[in-house]
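Step one of this worksheet: look at the structure below.
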Amino acid sequence: MNLRDFYLLAALIACLRLDSAIAQELIYTIREELPENVPIGNIPKDLNISHINAATGTSASLVYRLVSKAGDAPLVKVSSNTGEIFTTSNRIDREKLCAGASYAEENECFFELEVVILPNDFFRLIKIKIIVKDTNDNAPMFPSPVINISIPENTLINSRFPIPSATDPDTGFNGVQHYELLNGQSVFGLDIVETPEGEKWPQLIVQQNLDREQKDTYVMKIKVEDGGTPQKSSTAILQVTVSDVNDNRPVFKESQVEVHIPENAPVGTSVIQLHATDADIGSNAEIRYIFGAQVAPATKRFFALNNTTGLITVQRSLDREETAIHKVTVLASDGSSTPARATVTINVTDVNDNPPNIDLRYIISPINGTVYLSEKDPINTKIALITVSDKDTDVNGKVICFIEREVPFHLKAVYDNQYLLETSSLLDYEGTKEFSFKIVASDSGKPSLNQTALVRVKLEDENDNPPIFSQPVIELSVSENNRHGLYLTTISATDEDSGKNADIVYQLGPNASFFDLDRKTGVLTASRVFDREEQERFIFTVTARDNGTPPLQSQAAVIVTVLDENDNSPKFTHNHFQFFVSENLPKYSTVGVITVTDADAGENKAVTLSILNDNENFVLDPYSGVIKSNVSFDREQQSSYTFDVKAVDGGQPPRSSTAKVTINVMDVNDNSPVVIYPPSNTSFKLVPLSAIPGSVVAEVFAVDIDTGMNAELKYTIVSGNNKGLFRIDPVTGNITLEEKPTPNDVGLHRLVVNISDLGYPKSLHTLVLVFLYVNDTAGNASYIYDLIRRTMETPLDRNIGDSSQPYQNEDYLTIMIAIVAGAMVVIVVIFVTVLVRCRHASRFKAAQRSKQGAEWMSPNQENKQNKKKKRKKRKSPKSSLLNFVTIEESKPDDAVHEPINGTISLPAELEEQSIGRFDWGTAPPTTFKPNSPDLAKHYKSASPQSAFHLKPDTPVSVKKHHVIQELPLDNTFVGGCDTLSKRSSTSSDHFSASECSSQGGFKTKGPLHTRQCSQSSP
């Protein structure tokens, strides 16, 4: 195998391997005769072309370029930026574009073009086929404006005579569709015959008998129309001559004949001889052969017809590539009006008479026939699109393409007949500066024909070596507070190029305003004074650029670290720190954190904290700044603490600063309300029957030593006002009449008043008993006090009005029983005695009211002492619907201060009057402060434990009672809890611990010591 055969084989293999990744096809269909700038298609949209490089992931701007020969007038144009295809000002004429070919409706008239997509990383070759659809821009035309037909006079009715057909360059429905005979004079008609090829032939029909002696000539018009929109038409004059009788018409042996003749047949070569016969004799049997009217003028130029013999010969050189098939219609006429018709199809066969054609269209525009490439162009740089073709067919038309000699270029097949010329390796200007080679296209005919195209490529030298720094990262250090113009270092770079490509200049990048750089020498100096606290590190770039075209450059990073000096004092975040803590906070609890900063670095910023003027109430961590308490806070004793803190850094010499610290103690709801009025739980107020509604009949007043909402109080009547006779102001505590008292209201009324604060989240409360005696006078105060003491046996949730009358009449009942048992006569005496005593009591109450006015009445010590001696012991009822108070008489002589201990359970309706629920699960036991009134000294219980020890979180039992403590005039009251809010309360009383259950009742942690009170009858 010689070298040429090897190239042929390689090229053949390359033709069979098409690169579908870079070669794609598009087909568009347009109408002919479109105006300029009509959009045809969009290449990137129609092919879904991405602008992202799959290898690098970067986006690029694509360039779309139409590959065409210089000097061509393109029919379309391609936008280089968008890839859109538009028509140009060059008119697209389908009939001109596809001239010489007979296109039926099903055949396509098209032209092709190629578009390349650049740059090289995105390269694609797009082959575009544009199909041109016909428009109705041509009218059908007859071969002659006057058509002559001769018809014998003896022609039978309905005989048909052919009329030359009209032709229309348009196709399909735009071609000839309809013929019409005008002014037929009822002698002639028209019929249309459609051939297998789709052609429409008009025929003249004789509709009446002809008589040449009467009329020998008929002149009419024939009209032809196409089917386009708008419809086009033309007319011709049809002249019919009535001739003498010729009985027989010629007849061809074969009406359809097909022959083959090579395209290189010489002129004069016989193609075929037609033969027709006529049954007539004499002159009527003489036959003349002529071409039919449908034969194209071009066909008549290639072939000659002998009129006498019917021999068709070649009269001009044939070219299959120009016209491969010729159709010839031959008419045989004996002089009559009805000639015979025969159709001859002449197929021109191919011979290898055309060498391949090389169409070289450059992608990189050449200069004077030479393509200039840069030595830095990458491999597979596209240079030109080569299209090879051969007008021959079959084997004669198969073409292979190759490069004649070994060069760093190769041909890449993209379609059967198209190749891309591209670089196959990196180019080096220093190795070879110029290339000149031939591209060979060879067909497979015998003998083989070939064609060559010369390609010239020159390389351009490039500045392909950038400057290189000796160090890619340059690190420097300099102390702050430097002088201006301080020398730092010299930056240098080298360039492997020569001449101007090796001349280097230096330039500072951004963020380098504190520095100066000499452009030639690379000397770096400080242009400002550095302050490390303002900026500790400077990072910028230095660029070294050569003077090549285009210039190349490289960068080095410069890192300048500013060294610290102790030029900043410690700085507190606040000049005055304010901390807020809750009272009762345990010792050594964290109360705040002091924050201090130092703008210096290292040891210069190491800060130590200390307290200057505190009397050991607080402990300060010198490093973290955490302040812890060394005392337990009590807001009522001291509400704030103030001291100074000093911060010292570790620099040389050290620097320091101070700040003030204030610890504010926030109030906790740890104090129950303290009742001022009434003075004790056994005091009472007289309410005369003459009192009017709205008048103040009593006053309840209490104070709370807490602050804020913890000290806001609310007064409510929780029991004893079932008749609604009284009302208490929730803010002032004033008790007023709601209705005017009636005789039914006379007697002692006990109001249980709850005084609660508005503490958050837990509220505290105190219960106080308010006794109101409704009567005109209160003459016998001792009797009223005795009633008050007896009401202690009545639970707080019951109204004493139902049991007060028995208390009042108990003495009388005893006397009456004695009188009945002794003698009925004594009744009169006792009745008189009672009358006298009632009058005396009325006078005594009136005197007391005038003496005390609105003053609260306290029990008479002496009367109580005397009355105590007359009491008889008796047991309380052991079973009752409600639990009563169990009272054990105390030993001291002072009956007024006798404590009454017991447990009282409020009913549900009283509990519902509470404002909220107390959550003992989250609150510590309530204790009173040491400076609170000493409640223990009033409790005369024999138990060593405190009088009240309430257990939290214990449900209230129905069999238990509230604790009610009768207090002396020193304003000491039993403390309680209210459920108004959720705020916790704590206190510091080491004497007692009172707590409230969630049900509002009191519980005792230890056993409740009670004394049985003995009562004697009056």
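The values are calculated or read from the model by the stated rules, or taken from the named source; none is laboratory data. Source: prediction; values computed, not measured. Don't worry about glycine lacking a Cβ; one is built from the backbone with ideal geometry, like all the others, and counts go over all protein chains shown. These accessible areas exclude ligands, DNA and RNA; they are computed on the full protein's heavy atoms, side chains included. Shrake-Rupley method; radii C 1.70, N 1.55, O 1.52, S 1.80 Å.
Residues of region 168-186 with the amide nitrogen closer than 14 Å to a label point 7 Å from the Cα of Thr235, along Cα-to-Cβ, please. From region 168-186, the list is 180-185. FRET efficiency for the pair Val505 and Ser374, taken as 1/(1 + (r/R0)^6) with r the Cβ-Cβ distance and R0 = 25 Å, rounds to 0.55. Here, region 114-218 yields an orientationally averaged convex hull projection of 10.2 nm² when only Cα atoms define the hull. Multiplying the residue separation of Asp518 and Val828 by 0.36 nm and subtracting their alpha-carbon distance yields 97.7 nm. Karplus-based coupling profile of region 534-549, in residue order and whole Hz: 7, 7, 8, 9, 10, 10, 8, 10, 10, 9, 10, 10, 8, 9, x, 10, with θ = phi - 60° in 6.51 cos²θ - 1.76 cosθ + 1.60 and x standing for Gly or Pro.
Phe402 contributes an accessible area of around 20 Å² to the protein surface, as traced by a 1.4 Å probe with all chains present.
A simple spin-label model places pseudo-atoms 7 Å from Cα toward Cβ; at Leu182 and Ser527 they are separated by 9.5 nm. Between Val267 and Thr329, the C-beta separation translates, for a Förster distance of 22 Å, into a calculated FRET efficiency of about 0.45. How big is the gap, in Å, between the Cα center of region 169-223 and the Cα center of region 342-397? Between the Cα centre of region 169-223 and that of region 342-397, the gap is 51 Å.
Taking all protein chains together and a 1.4 Å probe, the residues Tyr487, Tyr218 rank Tyr487, Tyr218 from largest to smallest accessible area.
A simple spin-label model places pseudo-atoms 7 Å from Cα toward Cβ; at Thr345 and Glu565 they are separated by 10.9 nm. Averaging over all projection directions, the Cα-based convex hull of region 391-439 occupies 4.3 nm² in the image plane. Ranking Ile163, Ile27 by solvent-accessible area of protein heavy atoms (1.4 Å probe, all protein chains present), from largest to smallest, gives Ile27, Ile163.
Please work out whether region 444-494 counts as rounded, prolate or oblate from its C-alpha gyration tensor, where a ≥ b ≥ c are the square roots of the eigenvalues and a/c under 1.5 means rounded, while otherwise a/b larger than b/c means prolate and anything else oblate? Verdict is prolate for region 444-494.
Counting only protein chain heavy atoms and rolling a 1.4 Å probe, the accessible areas of Ser150, Ser61 rank, largest first, as Ser61, Ser150. Take the Cβ atoms of Thr393 and Phe173, set R0 to 30 Å, and the FRET efficiency comes out at 0.40. Short-range pairs are left out: with C-alpha atoms under 8 Å and at least six residues apart, the relative contact order of region 569-615 is 42 percent. Measure off 7 Å from each Cα along the Cα-to-Cβ vector at Gln553 and Asn248, then give the distance between these two points in nanometres to one decimal. About 10.5 nm separates the two model spin labels. A straight chain from Thr595 to Gln535 at 0.36 nm per residue would run longer than the Cα-Cα distance by 19.3 nm. Shape class of region 206-346 from the Cα gyration tensor (axes a ≥ b ≥ c, square roots of the eigenvalues): oblate, since a/c reaches 1.5 or more and a/b does not exceed b/c. Take region 160-317 with all the other protein chains still there, run a 1.4 Å probe, and you get 54 Å² of accessible area per residue.
Going 7 Å from the Cα of Val259 in the Cα-to-Cβ direction, what parts of region 338-372 have a backbone nitrogen less than 19 Å from that spot? Of the residues in region 338-372, 340-351 have backbone N under 19 Å from the label point off Val259. Averaging the Cα positions of each part gives two centres, and for region 468-500 and region 520-557 these lie 7 Å apart. Multiplying the residue separation of His51 and Tyr623 by 0.36 nm and subtracting their alpha-carbon distance yields 199.9 nm.
In this structure Thr56 has an accessible area near 90 Å², from a 1.4 Å probe over the protein heavy atoms. With protein chains left intact and a 1.4 Å probe, residues in region 676-804 average 33 Å² of accessible area per residue. Taking only protein heavy atoms and a 1.4 Å probe, the accessible area of region 554-617 is 50% carbon and sulfur.
Computed from backbone phi with θ = phi - 60° and the Karplus coefficients 6.51, -1.76 and 1.60, the 3J(HN,Hα) list for region 30-40 is 9, 8, 6, 6, 6, x, 6, 6, 7, x, 9 Hz; x is used for glycine and proline.
Taking amide hydrogens as placed 1.01 Å from N in the peptide plane, the amide H of Gly175 sits under 5 Å from those of Gly227, each at least 5 positions away in sequence or on another chain. Of the solvent-accessible surface of region 694-758, computed with a 1.4 Å probe and all protein chains present, 54% belongs to carbon and sulfur.
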